[in-house]
Amino acid sequence: MKKYLIILLLCIFFIPTVSAQIYGPRAFLTEKVVADFNTDGSYDTGESFLSGYCDSNPCRYGYLEASVPNNDDVLQNVEITLSSSTNTNLQNETAFASVLTSYPTVNSREPVYVNTSWNDAGLYYNITSNDVAPVIGLSLNYSNWAGGYDIFDADNLDTSTNTLLFNLSIHNPSSSKTLNGIQIKIDFALDTNGGADAVNIVSGTGQLLGGCTGTPTIDSRDGADGYNDRITASCDLSNGATGYLVFNATLTEGTNIPNDYNQTDTDSNDHGCTANYTQSASTLTGITISKKFTRCSIRQGVDLAQDPITNEWSVRGFIRNMANETPGGSEHYLTYNVSEWRIYQINPSTGEPYSNPNQTGAFNQTATSNQLTPSDGTVYTTDSSRSSNTSWFNTGSTTKPYFTVYFDWEVIWNSTNSENYEGNINITLDMPVLYKIDMGNTKSISGSISPDTGGQVITIQDNTTHTGSSNAAAKYIQMLSVVPVNTTAGNFHGAFDINDSSVKVYFANSSGMYQLQNDTYFKYEVTDPASHGSSDGLVNVTIYDLSQVQFVSGGTVGHSLNPNERIVLTYDCISNESMTTGDTYNFTGNTTMKTDTGTPLTEAQPATQISVSEKRLVGYKDLIILDPSEPTIVNATIDVTVYAASGSNISGIKFTDYVPFGTDFNTNNVVVRFYDGSSWTTWTEGTDYNITQQGNVTLSDGKNVTAYEYINATGDGTWSLENNQTIEVKYAMNITTSGVYILPVEIAAFDPATGEHYYSRAFGVIRVDVPSPLLPLQITDSDLQQAKEVIIGKPALWIKNFEVYNPNARIVNSAFETLVFRDSIDVSAEYYDENGNKVEEKIKLDGEKDGKRIAQWQARINPLETRRYELRVLTPPVMEIDRDIDVLEKMPGKKVKLKMDIYLKNFAQEKYRNLVLNLPIGYENIFEVRDAFGNKLPFTGGKETSRIIIDEIQPLGMKTITVIYKASYPTIIITPDRDKYDLTSPVGLEVLVINGGEKIKYPYVEVEVYTPGMDVVYSDIKKLKDLEPLEKTELTEKFIIPANAPAGRYVTFAKFRQNFATLASTTGEFYVLGAGASTPEALQILTVLIITGVLVYFSFKRLKEVRRVQGGG
C-alpha cells in the first residue's frame, strides 16, 4: 500500500510541471565581432566576412532568428520589436518575417529580417561602436634564440635544433567594457613530417603576463606522439588592458619538416591562433527584445441557425487552431492566445463589414480560457467555459443575412527561454610561415706540388651557394678558409706561403661572376701558417652587407644573397721545398651566413686534400641554372685535369658522374671536349668516348641518383692525359623535384707503368624549386530550375547543376559559393565520386548578394577532376490554410453533391508552376474543379484518389480551389492528421459524417485501426445525437501508437451505423516508421499515466462536441 501511495504522490508531483509548460516559438538575438589579424597585428586585407553586408575586416554585426517547436507549422506575420537601435545601422527597431518554419529540423533557427542602411530587408545589421563591441587586438612576436626570426638547416655546426620564442599580445581596446574569460588558443600544424608536428612546444615554458594571470595548458591534439602542438589559456582583461602569452618551441629539419624543405607553415588551419569571448545572457550592445508577435494556421467563421418557429436567423462565431495537433517525436504543438471577439454584419452593397460590431465578448472565464490548442477543436463564442457572452446573436431577419467574425489572437511564445541572447567576439590570427636559411659549400684545389722542389703555386677555390628560401636571403657572409701547417700525419715540412695579392672574392649568379671591391662592407684578412708549424694559416672573408658591396667593374650587388647565388673565394698558396713525397695536406674551413633578420647558419667546408707528387689528377664540377624562366633546367660542367711534370702523364683514366634519379637526362645531348694544352677539340660519341648507365645508388644525404660512366671508345676504355690536358663535359638536365642537390663526379686512374692509383672527387651544388602555378578552377554554374511539380503541403524542390574542373596536376582545396533564393530553407550539394558513391557536402548559408542568399561549401578537388554537383534547394511550401464543405443537393441513388472550397497560400517568395493537390476523392466522383475566377482546372486520378493540377501561384499569393463532387450518403470520411508517425507518437484521426436524406435516430460511429499484420491497435465507439437530413458532424479520435507496435502501413476503418446496420463506411491509411528516442522506464510509466488521463478528459469532452450545421449553414 505504501508503494502505491509513493507512486501516486510522484505522479501528483510531476503533473503540474508538465501541464504548466507551453511550447511555442523562440527568438534568438545574436551579436558578433569577427576579425583576422596578420602576425604583426595588422588586419588581413585578404579576409572578408558576410558577403553583401560586411565585406571588410573587422566586422561587427548582429542578427535575429526564431524557431518553431515542430517542423510542420508555418508561422505567419512574425514581428519582433527590439529595445533600441543605438550603436547600429538599424533604421528602426522592427524585425519581420512573412513566414517562418523550422525545416527540416525541429527548432532549427530561421532568419527574421531587419531594416538597415545596408538593406531594407536584410539578414544582418552592423554594430558601429568598437567600444561596446570591441575587436580584441592580437599580434604575435616570435624570434629564433640564435637570432632573427628565420630557421636554420640541421647541418648547423652550433646546434641542429631551432629554439623559437613566441610572445602573443592580447589587447582590449574598449574604454568601458571588461572582457572576462577570453579563451586563447594556439594550434600548430599537425603531421608536417610524417607523424611529427610543425613544432614541439616546450613543456613548462608557458606564462601569462601583463593583464592576464594564470597558467597556460600545453598539450597535444593528436595523442601521445611526443610533440606538444597546442597551448591554451584563459584571460580576464579590464578595459584598455593588455596581456601576454609567452612560450618556447623547438623545430628541427628532418624531424618537424622534411629535409630540403625551405619553409614551413606553422598554422593549423590558416587561423591557428584564436581569442574568443562569449556572453550568453545578453548582447554586446545591450539591445533586447521588447515585443514579439506572430500568427499561424487558423480557421474561423460564423454559424447561422434559423428558428423553426419565428424563421429568424441567429449567428455565432467560431475559431479553431489549425496548427499540427500531433507532431511526432520531440516536436510540440502551438498554442494560441485568443482575447476578444466581435461579430459584424456584412454590408451587401460593399461586401465589407459595418464599422460597429453587432456583438462582442472575450475569452476570459478562467486563467486559461484564452488558450487555444489544436486538440480543442472548434470553439464557439457561445462557449460558457470561455466566453463572457454566450448568447447567439439574433439578427431579427427571416432572410438569410451575411455576417463575419473577428478574433483578436496570436501564437503564444515558449513559456521558458522565449528570448535568447548571445554576444560573441571571435578573433583569429594567422600563424607565421618560417623560412629556412641553407647553404652548400665546395672546395677545390688546382695545381700540383712536386717533392723537394718548392715555389710551386696551387690555387684554392671555395664556393658557398645559398640553397635556402628566397625569403631568408643572406645579408651577412663569412668564409674562413684554413691552410694547413702540418701534413695529415702531423709532420711539419715547411709552411705554405699565402699570396695576399692573389686573394679575390666574386659574386656569381646565372649571369656570370663579378669580382667584389674590398671596402667598408667587405673585407678580408690573411694569416700565414706559422713558420715553426704551431698554427694553421687562414683567409678570413667577411661581407657585412652584401647589398652594399661594390663590384670592381662598378655598381653594387644591390641585394642579399638569394637561392643559387654564390660567393667564390680564390687565392694562391706557394709550396715549400721541404715538402716531400708522401706528404698530404688537408684544406678545411667553414662558412657562416646570416639572414636579413639575423638568423645565423654555420656549415663546414668539405675537407679537400692535396698530396706531394709528381703527378696529380684533379676533378671539378659546377651546376648552374642559366635561365630563371626555366628554373628546373640545370646546366652541368665537369672538368678532368692532369698536373704532371713535363713529359709525364697519367693513364688508365675514367670517371663516373651522378644524375638525380628520374631526371629528364639524355646522353645524346652531352657535349664532350678535349684540351690538349693549346686548343679545344669536340669529341664524338662512339668514336672518342662512350657513356654507359651503371644503375642507381643512394648518396649519403639520402638522394637517389643514377650513375653514368664515361670511358674511352677505343683500346682498354681509359684515357691517358699529360700536364694541363683536360676533358670537359657539358650537359643540361631537367630536375623535376624540388630540393638541394649536391652531386658528385668521381675520377679514377691506375698507371700500370708505376703501379700508382689516382683518385679525385668533386661536387656541384644547386637548389631546384619546381614552380607550381595554380590555374584557376573552371566553374559552370546553371540557374535554379523548379522540379517537375510542387506538391501542396511540402517544400518546393529546385535543382541547379554546378560543375567544377581542376586543370592542375595537383589537388586543389577551394571554397565554392553559389546564389540561391533568399527564403531558401535548406540547401544540399551532392556528387558521385569515381567509385560511384554518392557524396554530400556540408552547405553553409551565409550572407546575401544581389538579393539572394549565398550557399558556401569547402571541397578538395583531385588533379584533372571534373566534378558535377547537383544542388537541391528547398523553398517554403504552398499550404492549405482552410477548407469548407457545403452540401449542394440530394442526388438519386443515395448520392449527395458537395462543394469543397480549398484555400491555398504560397509562403514562398518565388512563383511556383505545375502544382499538385492530392485529394482522397475518386476521379469518377469529381464533376469539376475551378479556381476563384471560374477557370476549369485539369485533374487526374483513379478509383480512390485524384490529383488536381494548378498551373501557377504567385509569390506569397493565395488561391481558392473549388471542387464539385459527389459522395454516397450517408458519407463518412476519416483523415489522419499526418501521413507518418514514430512509435509512441500520438495519432489524431479527423472524422466527418454527412447524413443522408432522412433523419437518423441513435446513430454512432465505430473506428478501428489495424497494424500491417491486421492486429487491432485501437478501437472506439462514439454515440452521436440524432441527425437531421444532410446534417454534418465532425469528431476527433486520438490514441498513442504502442512502443512495441510493428513498423509499416496501418489501415483505419470508420463506420457510420444505426442499431446494427452500417449506413456508410470508409478507410484511410498512415505509416509507422519506427522508434523515437529511448525513455527511462520510470518516465515511460509516468508519461503513460499522464497521457491516459489527458485522453480520458478529451474523450469525454469530445462526446459532448457535436457540431451541427443546419441546411445551407
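Nothing in this text is a laboratory measurement; each read-out follows from the coordinates by a stated rule. What you are looking at is a predicted structure, and each value in this text was computed from that prediction instead of being measured. Note that we place each Cβ from the backbone using ideal geometry, even for glycine, and neighbour counts take in every protein chain shown.
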| Cβ-based net charge around residue 325, under 12 Å, with every Lys or Arg adding one and every Asp or Glu removing one | -4
| query | Given 290, 261, 125, which one lies farthest toward the positive end of the charge dipole of the chain, if we put +1 on the Cβ of every Lys and Arg and -1 on the Cβ of every Asp and Glu? | reply | 290
| Got the relative contact order for segment 778-875 handy, in percent, Cα pairs under 8 Å and 6 or more residues apart? | 38 percent
| Convex hull volume per residue in cubic angstrom - Cα atoms of segment 351-441 | 307 Å³
| Most positive-pole-ward Cα, 902, 86, 59, against dipole of the chain from beta carbon charges | 902
| field | Relative contact order for the chain, counting Cα pairs under 8 Å that sit 6 or more residues apart, in percent | value | 8 percent
| remark: Note: residue 604 to residue 215 extended length (0.36 nm per residue) minus current alpha-carbon separation gives 135.8 nm
| remark: Taking only the Cα positions of segment 298-410, the convex hull volume per residue in Å³ is 112 Å³
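Assigning unit charges at the beta carbon (Lys, Arg +1; Asp, Glu -1) and nothing else, what dipole magnitude in debye, to the nearest 20, does the chain show about its Cα centre?
Numbers: 82 positive and 127 negative charges, 1456 e Å.
With only Lys, Arg, Asp and Glu charged at Cβ, the dipole is about 7000 debye.
Which pairs in the list 523/594; 800/844; 905/1038; 1001/1032; 1022/1055 are over 20 Å apart, alpha-carbon to alpha-carbon? Don't jump to the answer; show the numbers that get you there.
Working: 523/594 16 Å; 800/844 16 Å; 905/1038 28 Å; 1001/1032 14 Å; 1022/1055 11 Å.
Flagged as over cut-off: 905/1038.
Hey, any idea what the orientation-averaged projected area of the convex hull of segment 562-606's Cα atoms comes to, in nm²?
Numbers: hull surface 19.8 nm².
Its average projected convex-hull area is 4.9 nm².
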| said: Taking the Cα centroid of segment 759-830 and of segment 367-417, what is the distance between the two, rounded to the nearest whole Å? | reply: 57 Å
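Given a Förster distance of 22 angstrom, what is the FRET efficiency for residue 470 paired with residue 858, based on the Cβ-Cβ distance and rounded to 0.05? Numbers along the way, then the final one.
Details: r = 30 Å, r/R0 = 1.37.
For R0 = 22 Å, the calculated efficiency reads 0.15.
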| said: Within segment 98-141, name every residue whose backbone N is under 20 Å away from a label modeled 7 Å from Cα of residue 794 along the Cβ vector. | reply: 101-106
| note | segment 479-515 scanned against label point 7 Å out from residue 525 along Cα→C-beta; backbone N under 15 Å for 479-482
| said: With only alpha-carbon pairs counted, each pair once and no self-pairs, how large is the Kirkwood hydrodynamic radius of segment 224-351 in angstroms? | reply: 24.7 Å
| message | Could you order the peptides 1004-1013, 609-618 from most to least packed, using the average number of other C-beta atoms within 10 Å per residue? | response | 609-618, 1004-1013
| Okay, helix-only estimate at 222 nm for the chain: each DSSP H run of n ≥ 4 adds -39500 (n - 2.57), divide by all residues, round to 500 deg cm²/dmol; what do you get? | -1500 deg cm²/dmol
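Starting from the eigenvalues of the Cα gyration tensor, five times each then square-rooted, give me the equivalent ellipsoid semi-axes of the chain, largest first, whole Å.
The equivalent ellipsoid of the chain has semi-axes of 93, 33, 25 Å.
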| Ranked highest first by the average count of other Cβ atoms within 10 Å around their residues, in what order do 931-938, 95-102, 883-890, 283-290 fall? | 95-102, 283-290, 883-890, 931-938
| On full extension of the chain, what length is gained from residue 457 through residue 935, given 0.36 nm per residue of separation minus the C-alpha to C-alpha distance? | 160.7 nm
| said: Given points 7 Å out from each Cα along the Cα-Cβ axis, report the residue 339 to residue 538 separation in nanometres with one decimal. | reply: 9.7 nm
| request: Using just the alpha carbons, could you tell me how many Å³ per residue the convex hull of segment 96-249 encloses? | output: 205 Å³
| said: Using +1 at the C-beta of Lys and Arg and -1 at the C-beta of Asp and Glu, which of 115, 35, 625 has the Cα lying farthest in the positive direction of the dipole of the chain? | reply: 115
| field | Contour excess over end-to-end distance, with Cα ends at residue 577 and residue 990 and 0.36 nm allotted per residue | value | 136.4 nm
| query | If eta is 1.567 mPa s and T is 4 °C, what Stokes-Einstein diffusion coefficient results for segment 606-736, Kirkwood Rh from Cα pairs, in µm²/s? | reply | 80 µm²/s
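Give me the percent of Cα-Cα pairs in segment 778-875 that sit more than 15 Å apart, rounded to a whole number.
Numbers: 2996 of 4753 pairs.
Counting pairs separated by more than 15 Å, the tail of P(r) holds 63 percent.
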| remark: Residues meeting the amide H criterion for residue 196 (H placed from the backbone, H to H distance under 5 Å, 5 or more places apart or on another chain) are none
| Could you give the nm distance between label points at residue 1014 and residue 884, where each point is 7 Å from its Cα heading toward the beta carbon? | 4.4 nm
| query | Helix 1081-1103 versus the longest principal axis of the chain: what is the Cα-based angle in degrees, 0 to 90, to the nearest 10? | reply | 30 degrees
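Classify segment 415-512: rounded, prolate or oblate, from the alpha-carbon gyration tensor (a ≥ b ≥ c, eigenvalue square roots; a/c under 1.5 rounded; otherwise prolate if a/b is larger than b/c)? Let's see the in-between values first.
Values: a/c = 6.33, a/b = 3.84, b/c = 1.65.
Prolate is the answer for segment 415-512, as a/c is 1.5 or above and a/b outweighs b/c.
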| With each pseudo-label sitting 7 Å past Cα toward Cβ, what's the residue 191-residue 499 distance in nm, one decimal? | 6.1 nm
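Could you tell me the ratio Rg/Rh of segment 51-98? Both radii from Cα atoms, Rh via Kirkwood. Write down the numbers at each step before the final one.
Numbers: Rg = 14.1 Å, Rh = 13.3 Å.
Reported Rg/Rh, Kirkwood definition of Rh: 1.06.
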| query | Can you give the percent of C-alpha pairs in segment 171-265 whose distance is more than 22 Å? | reply | 39 percent
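Using 1/(1 + (r/R0)^6) with R0 = 25 angstrom and r between the beta carbons of residue 160 and residue 633, what's the FRET efficiency to the nearest 0.05? Write down the numbers at each step before the final one.
Numbers: r = 33 Å, r/R0 = 1.30.
With R0 = 25 Å, the Cβ-Cβ based efficiency is 0.15.
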